[in-house]
Amino acid sequence: MGGNSNTMMLIAIIVVIGGMMWYQSRQSKKQKGKVEDFRSNLKKGDSVATYSGLIGTIEEVDLDIDQVVVNSEGSLSRWRIQAITEPPVVPNYVSDEEFEQEKAAGTESDEKPSSDEGTADEAPKQASENDVEATESKAEEASDDAKAPAETEEDNNENKAGETTK
């Protein structure tokens, strides 16, 4: 009797492991099919990313040799199509202050509709436009800050050279 239940348990484990392998294989094939479909339907102007992190838009597609040309901020580069993937989804950031303002504006507009105030649908659009402007200005400040240490280093080198000649 004991041997029969052990055999049944072994058969059940093998069936479960086989089922998991079949399911993973099926999911892998579906994912591979989606990627192949994405790559075969690339056209000029599509937003893409590479697995190494470059983000840009397609300028040229040559499926005969499996290559694409990607424009990233004005810089063109040629990539194998296998390195191309869908671009990452960037969530829309809303600061706590803006969230509280929108929340307060939403409750005020619910209580008293006013012709001077925008609709509730316009508030998120205005917030996202402000976010884009704030992000662009922060990026410019960061690039200016990145240049400042290099200038300071050059000034230090010039000072050292002046001290040795004295």
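Readers should treat all values here as calculations from the given coordinates under stated rules, not as data from a laboratory. Here the structure is a predicted model, which means the values were calculated and not measured. Every residue, glycine as well, gets a Cβ built from its backbone with ideal geometry; the counts of neighbours run over all protein chains shown.
A few comments on the model shown:
- Cleavage-rule hits, chymotrypsin sites (Phe, Trp or Tyr not before Pro), segment 1-96, DSSP coil, Cβ neighbours within 10 Å at most 10: Tyr51
- Modelled FRET efficiency - R0 35 Å, Leu42 with Trp22, Cβ distances, 0.05 increments: 0.65
- Under the combined filter of DSSP loop state and at most 14 neighbouring Cβ atoms within 10 Å, segment 23-103 retains these trypsin sites (Lys or Arg not before Pro): Lys43, Lys44.
- For the pair Val15 and Val94 in one chain, pulling the backbone fully straight at 0.36 nm per residue adds 23.5 nm over the alpha carbon distance.
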